[in-house]
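What follows is a set of notes on a single structure, which appears directly below.
The values are calculated or read from the model by the stated rules, or taken from the named source; none is laboratory data. Just so it is clear, the model here is predicted, and its values are computed rather than measured. With ideal geometry, Cβ positions are generated from the backbone for all residues, glycine too; neighbour counts draw on all protein chains shown.
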Amino acid sequence: MTLQLTDEEGEYLVRLARRAITLFLTEGKTPEEQPPNPRLQEKAGAFVTLKTYPEGRLRGCIGYPEPTLPLYRAVIQAAISAATQDPRFYPVTPGELPNITLEVSVLTPPEPLRVDDRRELPGLIRVGRDGLIIRAGPWSGLLLPQVPVEWGWDSREFLDQTCVKAGLPPGCWMRPDVEVFRFTAIVFAEEKPMGRVVRERLTAGEGHGLR
């Protein structure tokens, strides 16, 4: 599946995420929205990421890997959850919002990667294009496509770190009982808090050795 979103639609989603967080933190309510076009009502996975400005430190990130909600509704719920329910951080306060940037990632449905030889998996993953999900029994971890670019990982390290995100040891992707999924995303982000919204251009690379 190829995602098709205009820059205007991306800006709408980022502004919607900020409105949702602001309204929830100040009034305990969620926005009552009527999206500007039907495409934003189609079901899609979405994540909302919060970062401190100007340091760029992660402040919260939660979302929906599967297309279970209308896109605009997924962004509203993910934004509120990223601000208030990420277990790695204390809840965001209204006073922090002027110093936080928002990023919305819209996901394609996860695609299972199946190979006869598990050693082939890194060669199927393109850093800068693919996000990863690893699942094994009750364990599950997801990393968005922008994460390995930000950290300079190659595809093997990306797999290892997704294992760690799932609470599993690095290299778990070699086990036959571990499921590996990939997906792609369109990412829109504020350049500064409440500032211009831009479409993120990730640096893509192939297979092993990308740094």
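Points worth noting:
- Remark: pairs (first residue in segment 125-145, at positive phi; second residue modelled with pLDDT of 95 or more and among the acidic types (Asp, Glu); Cβ separation under 8 Å; 6+ apart in sequence or on different chains) = Gly137/Asp177.
- In the set Gln4, Gln34, only one residue is assigned to a loop (DSSP other than H, G, I, E, B), within 20 Å of Val198 (Cα to Cα) and among the polar types (S, T, N, Q); that residue is Gln4.
- If the condition is being outside any loop (DSSP other than H, G, I, E, B), over 12 Å from Ala79 (Cα atoms) and either in contact with a helix residue (DSSP H, G or I) (Cβ under 6 Å, 6 or more places away or on another chain) or among the β-branched types (Val, Ile, Thr) (or both), then segment 10-31 contributes only Thr26.
- For segment 150-165, filtering for residues that are within 20 Å of Thr108 (Cβ to Cβ) and crowded, with 20+ Cβ neighbours inside 10 Å leaves 4.
- The residues in segment 13-50 that are of a type outside the set (A, V, I, L, M, F, W, C) and without any contact (Cβ under 8 Å) to a residue 40 or more places away in the chain can be counted, and the count is 14.
- Any hit, segment 85-96, residues being at pLDDT 95 or above, among the acidic types (Asp, Glu), surrounded by 14 or more Cβ atoms within 10 Å (Cβ to Cβ) and within 27 Å of Ile133 (Cβ to Cβ): yes
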